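We did not get these values from a lab; they are worked out from the coordinates using the rules stated. Just so it is clear, the structure is predicted and the values come from calculations on it, not from any experiment. A quick note on method: Cβ atoms are made from the backbone with ideal geometry, for glycine too, and the neighbour counts reach across all protein chains shown.
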Amino acid sequence: MLTLDLLASALPQQLKTRVTQEMVDNFNASISDPLVAENMRNNLLSYTKVLADGRFKMAEYMDAVRYVSYKLMGHTNQEAYARTFPGRWQNLHVAGATPKDISAYVSAYNKNKLVNLILEQTLIPTYVLNQDIYQQAINVQADMMMNAKSEKVRVEAANSLLNHLKRPEVQKVELDIGIKDSSGMRELRDSMAQLAQQQHDLITRGHISARTVAHTPLVIEGEKDE
């Protein structure tokens with residue numbers, strides 16, 4: 001059975017205070033079969049990611065989970081709609097809605113963005129669904145590699161197995177942390193080179209000592225002494 005604390009713990013932070021005990025009670029009361037109730041409770045707690053942006057109301061989310069859960073059990077769209085909204089379904093018939101009208105209402109709900117976001121969460125990747133077929137294909141290729149009469153077929157089967165069963169390559173990430181040579185950097189570098197040459201010439205001619213050069217402060221044009 002769904003509880004208020006359990007549901008609140010699975011919700012995004014901004015929605016934790018929006019769920020009420022009445023919502024939880026209505027959700028529990030809408031399902032009489034214990035197995036169905038357990039499945040829907042698990043789905044309700046599993047698909048809360050779709051609420052992260054906060055555009056959907058909690059009541060809408062709970063309805064959509066019920067609808068999607070019934071669809072996943074194999075019910076048609078109309079059957080899922082009728083089970084999710086029994087009062088709404090009854091009102092449509094009382095009001096004399098035609099089958100075409102009812103079908104249009106159900107189709108519109110089935111295309112609802114929230115419903116489809118939840119459906120996306122339930123999709124299983126094809127490689128998971130077809131694991132048995134993948135293994136069968138490998139077995140066929142292995143048999144051809146070992147037993148085919150044609151040498152060409154055996155080689156192609158072997159190459160296919162080598163390509164599909166090889167160990168994944170380690171992804172190496174190289175970081176380029178070099179400093180791009182801007183015009184300012186080039187000017188500074190040229191100025192330093194020119195200064196170094198001038199100092200070298202002065203020392204060579206005996207006009208100044210290396211010690212004096214070493215202790216001469218570097219003054220950058222435009223800066224002022226404090």
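Taken as a whole, the condition of being free of Cβ contacts under 8 Å to residues at least 40 places away in the same chain and out of contact with any His (no Cβ under 9 Å at 6 or more places or on another chain) does not apply to Met58.
Being part of a helix (DSSP H, G or I) and in contact with an Asp or Glu (Cβ under 8 Å, 6 or more places away or on another chain) is a property that holds for Leu92.
Conditions tested, residue by residue: (1) of a type in the set (Ser, Thr, Tyr); (2) loosely packed, with under 15 Cβ neighbours inside 10 Å.
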site	(1), (2)
Leu6	no, yes
Ala10	no, no
Gln13	no, yes
Asp25	no, yes
Ser32	yes, yes
Met40	no, no
Tyr47	yes, no
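Listed by first and then second residue, the pairs with beta-carbon distance under 8 Å, at least 6 apart or on different chains, first residue in region 150-161 and surrounded by 12 or more Cβ atoms within 10 Å (Cβ to Cβ), second of a type in the set (D, E, K, R) and in a helix (DSSP H, G or I), form an empty list.
For region 87-117, filtering for residues that are in contact (Cβ under 8 Å) with a residue 24 or more places away in the chain and not aromatic (Phe, Trp, Tyr) leaves 9.
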